[in-house]
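Undergrad: Quick one: the structure is below, and I'll ask about it shortly.
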Amino acid sequence: MTRRATTPEGRRRPPTRGERRAPVRIPGPVAVGLSPVARERIPSACPEPSALIGPVRTCVGCRKRAAKSELLRVTVGSETHGQPVVAPDPQGTAPGRGAHLHPTVECYDLAVRRKAFGRALRVSTGLSSAPVGEYLASPSNPRSTAPPP
Ligand SMILES: [Zn+2]
């Protein structure tokens, strides 16, 4: 982990010839973090360096950004009565609009309280997120924070 502290000296570094870019601006397509080398060059634009590895999504619960692989994707499904529900999509393969959250009960609770699922999934009424809560609480959840027996 080479976390670079932003020192005042670093910012006051005289600009090189012809370079007038703002420090947070990353030129070219390398900004998305596909290259591990690009990570080293981003001057603390993001508080979490780990968030720059691979695709990044925002958790609808705590609103923090994290690598997509660390988050649980959820999509809109429908339960037996035809009511729209938030369904967990651990494989991330379900079609349609999805939202992401940390696979923890804490972030789930936050998302429920903020009605973040409805907003993220564009479902305004009658959306039940119970399946996600059950999924996260269930011991079969591979990412459950509960220690194995
Ligand atoms: Zn979260």
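Undergrad: Return yes or no: is residue 87 at pLDDT 60 or above and assigned to a strand (DSSP E or B)?
TA: Details: at pLDDT 60 or above: yes; assigned to a strand (DSSP E or B): yes.
Taking the combined requirement at face value, the residue satisfies it.
Undergrad: What about residue 51, is it within 16 Å of the ligand (Cβ to nearest atom), within 15 Å of the chain's Cα centre (by Cα), modelled with pLDDT under 65 and of a type in the set (A, V, I, L, M)? Reasoning before the result, please.
TA: Working: within 16 Å of the ligand (Cβ to nearest atom): yes; within 15 Å of the chain's Cα centre (by Cα): yes; modelled with pLDDT under 65: yes; of a type in the set (A, V, I, L, M): yes.
So residue 51 passes the test.
Undergrad: Scanning segment 99-111 for residues that are buried (at least 18 other Cβ atoms within 10 Å of the Cβ) and not in a loop (DSSP other than H, G, I, E, B), which turns out nearest to the ligand (Cβ to nearest atom)?
TA: Only one residue fits best here, namely 107.
Undergrad: Let me ask you something else. So which of 93, 75 ends up being closer than 19 Å to residue 55 by Cβ, β-branched (Val, Ile, Thr) and modelled with pLDDT of 95 or more? Spell out the reasoning first.
TA: Working: 93 fails: modelled with pLDDT of 95 or more.
When all the criteria are applied, what remains is 75.
Undergrad: OK, next. Could you figure out which of (1) within 30 Å of residue 124 (Cβ to Cβ); (2) of a type in the set (A, V, I, L, M); (3) at pLDDT below 55 isn't true of residue 31?
TA: Every condition holds for residue 31 apart from (1).
The values are calculated or read from the model by the stated rules, or taken from the named source; none is laboratory data. Everything numeric here is computed off the predicted structure, so don't read it as measured data. All Cβ positions, glycine included, derive from the backbone under ideal geometry; neighbour counts span all protein chains shown.
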